[in-house]
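**Q** Please see the structure below; I have some questions.
Each reported figure results from applying straightforward, stated rules to the coordinates on display, with no laboratory input. Remember, it's a predicted structure, so these values are computed and weren't measured experimentally. Using ideal geometry, Cβ is built from the backbone for each residue, glycine included, and neighbour counts are taken over all protein chains shown.
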Amino acid sequence: MPDVITANRLADGVVVFQTADGAWSEDFNRATVCSDAVATKAALARAADDMTRNLVVDAYAFAVETRNGHVVPKALREAIRAAGPTVRRDLGKQAHGLAPHSGPAAFGEA
Amino acid sequence: MYHYDDFDQAFVAARVAQFRDQVARRLSGELTEEQFRPHRLMNGLYLQLHSYMLRVAVPYGTLNARQMRKLADIARAYDRGYGHFTTRQNIQYNWPALKHVPDILAELAAVEMHAIQTSGNCIRNVTADHFAGVAHDEIADPRPYAEILRQWSSLHPEFSFLPRKFKIAVNGAAHDRAVIQAHDIGLQIVRDEAGELGFTVYVGGGLGRSPFIGRKVREFLPERDLLGYVEAILRVYNLEGRRDNKFKARIKILLHEKTLETLKDEIEAEFAERDATLLDLPQSEVARVAAFFAPPALEPKKPGSDRVERRKGKDARFASFFAANVTAHKQPGYVVVTVSLKPIGAPPGDASADQMDAVADLAEDYSHDEIRVSHEQNLILPHVALDDLPAVYDRLASVGLATPNAGQISDIIACPGLDYCTLATARSIPVAERIAQKFGDGAKAKAVGPLKIKISGCINACGHHHVGHIGILGLERAGEETYQITLGGSGDETAAIGQIVGPGFSSENVVGAVETLVETYMGLRTSEAETFLDAFRRVGLAPFKEALYERSAGSDI
């Protein structure tokens, strides 16, 4: 299953995603997609280095899927984490145009 | 209210300096996350779904205008312009940066506040009846005892690494507004036949994945023995509570595994061994602390108010507010005003910085500088002169805080759920918002009568769903949110754990299910005076189950 690597930035807690050059972006849409388990393992190893270097904390991989031509988080939890609270659209990444292009069907029905 | 002395101020200042140093060492890499985590948790700092989250203690839910303004200032300067009041009478900020937290704690210390022990495996913020000191059915104000417990438990070296968190609540009135039987220790103030003041002690209550109602371990504990007995309970728990499985680590499980009689015997044996010279509460100290909570000198007033009656006669919305949000004060001519943080269609418990400032102003102008936070996620103005009520109402209405729904079906407790919480399995707030929209705060809600709905977004039960008259537990099944409903729970002196009514409902259908339950209740109640809980206790699950699963389309899970 394709994965994206995420973490929180140590100093301010902001949710970040690993990019193709091994850096971290606040924008889910700039995340690199690990297409298989080998790629996920290698990306997690890079994330572990960044945790050791005290750049980020709590790094982990989560599943993504392609919907309407866009890569989106598969689970509601990750969709909310990548966008912001569904009950406060004025807050979080969604308020700055950084949300995933479209979320799982359940997302946003509130 | 209590005011810090030099010792308290130095104690809190030292703690801020210590955490400032810990944060600096974490940011520089000197401390690893694993080393740092217990330190940040002991200072109320979590890492949540979107960001860090800082939980600030509001001891027993009492604060003054200056403190509320500081909470507003922090929301503006360091967060996103709002805060979230919680079921432990605390406030949470959802977006602080780690690097700013020492400054936030310093700001809090400047107004005698802190975030100590709002997280971690220690004795948490001691809670109390939010109508303390003003309730007409009060035996004694619970806050002096809550304050004594707070001082005793703050950084207590023996009890800073308990098997799991530990929650204490104190109630001082005949009616339990502090949910004491859902606490690790619940203390009910009573008087014995001789008129001496003491406590009925409950142990082992708790919600979460294994809900239990507390069991009585002492019918009457004399006031002087408060600390000695609480220490005995904690010592038995600290030594024998399980540390191998965090889900079985609370004292409720120890009680369940040992049986009540064995646990009682062990507590009494430990109590007999106490150092009475150290732990017996001196009367002078009780009096010293109690003096901080002496009622304000309220000018005598006549019991009624023509001004209020005239307004009620011409303003239905004000009349609804009076009926739902205004409670009798023990002194005639005064009332207790519940400021609902449950506007229809908005997250329960949230208040903007401007709203906090408005409540602070009102407290200064009309409530002797006192504000309370209730475990039901509302604010209270405890000492309002009846004649001032129209003015207070108008000012509350001008900032969106006059929702006339206290105690009604739209006054819902909801945990932050999957919108904010890293542990959640489903969202809570949107369900609360939709139920509130369905019933509103007008005639429909009024016709339903008192009904407590409580919603949790996972099995940890922060939304107290087990003790909701209607409880809703959000779970995740096959990637979808699903909601399990319990009925007949209660958090007052008739405490009970709700019973699961049957299979769960989808997010789409859960509000309809609640509507079916309410319609069923209204159809079978003997009169409007029979509340949902009374009716449930009379008829049991069967009619509700039948309405949900046989007469209607039933569960869709």
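**Q** Given a Förster radius of 35 Å and the C-beta distance between B:GLU219 and B:LEU278 as r, what FRET efficiency does 1/(1 + (r/R0)^6) yield to the nearest 0.05?
**A** The pair B:GLU219/B:LEU278 has a calculated efficiency of 0.85.
**Q** Could you list, in their original order, any pairs among A:LYS74/B:LYS545; B:LYS167/B:LYS444; B:LYS302/B:LYS454; B:LYS452/B:LYS545; A:LYS74/B:LYS248; A:LYS93/B:LYS99 whose Cα atoms are separated by more than 28 Å?
**A** On the way: A:LYS74/B:LYS545 34 Å; B:LYS167/B:LYS444 37 Å; B:LYS302/B:LYS454 38 Å; B:LYS452/B:LYS545 19 Å; A:LYS74/B:LYS248 32 Å; A:LYS93/B:LYS99 20 Å.
As for pairs spanning more than 28 Å Cα to Cα, those are A:LYS74/B:LYS545; B:LYS167/B:LYS444; B:LYS302/B:LYS454; A:LYS74/B:LYS248.
**Q** Here is a follow-up. Take B:LYS330 and A:ALA23, extend 7 Å from each Cα along the Cα→Cβ direction, and tell me the distance between the two endpoints in nm.
**A** Those two pseudo-labels are separated by 6.4 nm.
**Q** Moving on to the next point. Translational diffusion coefficient, Stokes-Einstein: compute it for segment B:252-333 using the Kirkwood radius over C-alpha pairs as Rh, at 37 °C and 0.692 mPa s, and state it as an integer in µm² s⁻¹.
**A** Estimated via Stokes-Einstein, D reaches 176 µm²/s.
**Q** Based on the Cα gyration tensor of the protein assembly as shown, what are the three equivalent ellipsoid semi-axes, each the root of five times an eigenvalue, rounded to whole Å and given largest first?
**A** After scaling each eigenvalue by five and taking roots: 38, 32, 26 Å.
**Q** Multiply the residue separation of A:ALA37 and A:ARG89 by 0.36 nm, subtract the distance between their alpha-carbon atoms, and state the gained length in nm to one decimal.
**A** Values: separation 52, 0.36 × 52 = 18.72 nm, distance 3.40 nm.
Stretched fully, the A:ALA37-A:ARG89 segment lengthens by 15.3 nm.
**Q** Based only on the alpha carbon positions, what is the Kirkwood hydrodynamic radius of segment B:171-322, in angstrom?
**A** 18.5 Å
**Q** Which whole-number percent of Cα pairs in chain B have a distance greater than 36 Å?
**A** It works out to 32 percent of all Cα pairs.
**Q** I would also like to ask the following. Just from the alpha-carbon atoms, what are the Rg and Dmax of segment B:6-109 in angstroms?
**A** 13.6, 40
**Q** Relative to the longest principal axis of the C-alpha atoms of chain A, give the angle of the C-alpha long axis of helix A:37-52, reported between 0 and 90° and rounded to the nearest 10°.
**A** Helix A:37-52 and the main axis of chain A meet at about 80 degrees.
**Q** Can you compute the charge dipole magnitude of the protein assembly as shown about its Cα centre, using +1 on each Lys and Arg Cβ and -1 on each Asp and Glu Cβ, nothing else charged? Give it in debye, rounded to the nearest 20.
**A** 1260 debye
**Q** Remind me, relative contact order of segment A:3-96 in percent, using alpha carbon pairs under 8 angstrom and six or more residues apart? Mind showing how you got there, number by number?
**A** Working: 143 pairs, mean separation 24.9, N = 94.
Rounded, it is 27 percent for segment A:3-96.
**Q** Just to confirm my understanding: which cysteines in chain B have no other cysteine beta carbon less than 4.7 Å from their beta carbon?
**A** Cysteines lacking a close Cβ partner in chain B: B:CYS122, B:CYS421, B:CYS458.
**Q** Here's another thing I want to ask about it. Round to the nearest 0.05 the FRET efficiency obtained for B:LYS258 and B:LEU27 when R0 = 41 Å and r is the Cβ-Cβ distance.
**A** Efficiency, from the Cβ-Cβ distance: 0.35.
**Q** Continuing with the same structure: What spacing in nm lies between the two simple spin-label points modelled at A:HIS101 and B:ASP387, each 7 Å away from Cα in the Cβ direction?
**A** My value for the distance between the label points is 6.8 nm.
**Q** Between B:ASP361 and B:ALA110, what's the calculated FRET efficiency when r is the beta-carbon distance and R0 is 22 Å? Round to 0.05. Kindly include the intermediate steps, with their values, before the conclusion.
**A** Details: r = 20 Å, r/R0 = 0.89.
E between B:ASP361 and B:ALA110, to the nearest 0.05, is 0.65.
**Q** Would you mind calculating the gained length between B:MET522 and B:ASP265 on full extension (0.36 nm times residue separation, minus the Cα-Cα distance), in nm to one decimal? Spell out each step's value before the answer.
**A** Values: separation 257, 0.36 × 257 = 92.52 nm, distance 4.70 nm.
Separation in residues times 0.36 nm, less the Cα-Cα distance, equals 87.8 nm.
**Q** If you don't mind, there's one more thing I want to ask. Multiply the residue gap between B:PHE247 and B:GLN35 by 0.36 nm, knock off their C-alpha separation, and tell me the result in nm, one decimal place.
**A** Between B:PHE247 and B:GLN35, full extension yields an extra 74.0 nm.
**Q** May I ask which residue of B:GLY133, A:THR6, B:ALA402 lies farthest towards the positive end of the charge dipole of the protein assembly as shown, with charges of +1 (Lys, Arg) and -1 (Asp, Glu) on Cβ and the Cα centre as origin?
**A** Of the listed residues, the answer is A:THR6.
**Q** Let me ask you something else. Just how large is the dipole of segment B:424-557 about the Cα centre, in debye to the nearest 20, putting +1 at every Lys and Arg Cβ and -1 at every Asp and Glu Cβ?
**A** Charge dipole of segment B:424-557: 120 debye, to the nearest 20.
**Q** Let me ask something else about it. What translational D, rounded to a whole number of µm²/s, comes out for segment B:316-423 from Stokes-Einstein when the hydrodynamic radius is the Kirkwood one over Cα pairs, at 25 °C and 0.890 mPa s?
**A** Translational diffusion coefficient: 174 µm²/s.
**Q** If you wrap a convex hull around the alpha carbons of segment B:478-532, what volume per residue comes out, as a whole number of Å³?
**A** 97 Å³
**Q** Positive end of the charge dipole of segment B:6-109 (Lys, Arg +1 and Asp, Glu -1 on Cβ, about the Cα centre): tell me which of B:TYR82, B:TYR46, B:ALA14 has its Cα farthest that way.
**A** B:TYR82
**Q** Could you grab the Rg to Rh ratio for chain A? Cα atoms only, Kirkwood for Rh.
**A** A ratio of 0.96.
**Q** Roughly what would the spin-label model give for B:LEU423 and B:ARG288, points 7 Å off Cα along C-beta, in nm?
**A** 3.7 nm
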